[in-house]
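The structure under discussion appears below in the form of structure tokens.
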Amino acid sequence: MKILWIGRTQYAEAWRLMKSLHRAVAQGLTGDIALVTEHEPVVTVGKHGRLNNVIKWDVPVYVVERGGDATYHGPGQAVVYPIVALRWPLKRYIDAIEDAVIKTLGTYGILAGKKQGHRGVWVGDRKIASIGIAVENNVAYHGVAINVTIDPREFARINPCGLPASTMISMKELGVVAEVKDVGIETAKKLALELGLTPELISKPPEVPQVAEELKPVRVTINA
């Protein structure tokens, strides 16, 4: 699985690249790839999520294809978007993502785990990583966001995945010093190994046709 760090991105820009690569993987034009990024402030809501879980509309809000409800992305958060042709049951694939995050956090001395009835990665009763996956044409995309240095108070814009914002925690809040890029790349590497794939760092995206679609933010009318 190729792994590409694309730096800090506007969400819609990263989404368009992800969609283009998803289509290319589905058509056999390129192999499995994981994009690693850090977003400018944004809220996304899964297609079956509820917009009323967005409390504060001061950043762009997008409804996207993934599962899950509302989540916040911003500087200080490592986001990994694996785009892979599924050769495993979907539950096995999502378990592998959680296991990759847990093992990555373990290298920083953080004891993290899973929580029955809730996807994502947890430190006790606090959530440190959120997962949202979409599958089309047997190719999975979207992925996982790990809170590195992000201030958990940023999540007060939303009820994250329907939970209180106070549920969220970051590596920094746990007293751990880490770089977003390093955490994201290490998570992608460990995911490749969990899936029996060979991780390979690349410096630029494969040349694939770009999708024409553009992601538009949700517009909200506030009644006076």
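The values are calculated or read from the model by the stated rules, or taken from the named source; none is laboratory data. None of the values given here were measured: they were computed from a predicted structure. In this analysis, Cβ positions are derived from the backbone assuming ideal geometry, glycine residues included, and neighbour counts consider all displayed protein chains. Side chains included, ligands, DNA and RNA excluded: accessible areas come from the protein's heavy atoms. Shrake-Rupley method; radii C 1.70, N 1.55, O 1.52, S 1.80 Å.
Here are the numbers for this structure:
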| read-out | value |
| --- | --- |
| Average accessible area per residue (Å²) across region 37-110 - probe 1.4 Å, nucleic acids and ligands excluded | 37 |
| By average C-beta atoms within 10 angstrom, highest first, the peptides 212-219, 122-129 | 122-129, 212-219 |
| Angstrom value of the Kirkwood radius, inverse mean 1/r, which spans all Cα pairs in the chain | 17.4 |
| Restricting region 3-52 to trypsin sites (Lys or Arg not before Pro) in coil, as DSSP defines it, with at most 16 other Cβ within 10 Å | Lys47, Arg50 |
| MRE, 222 nm, helices only [DSSP H, n ≥ 4, -39500 (n - 2.57), over the chain, to nearest 500] | -7500 deg cm²/dmol |
| Stokes-Einstein D in µm²/s, Kirkwood radius over Cα pairs - region 1-91 at 10 °C with 1.306 mPa s viscosity | 112 |
| Percent carbon-and-sulfur accessible area, the chain, ignoring ligands, DNA and RNA, probe 1.4 Å | 50 |
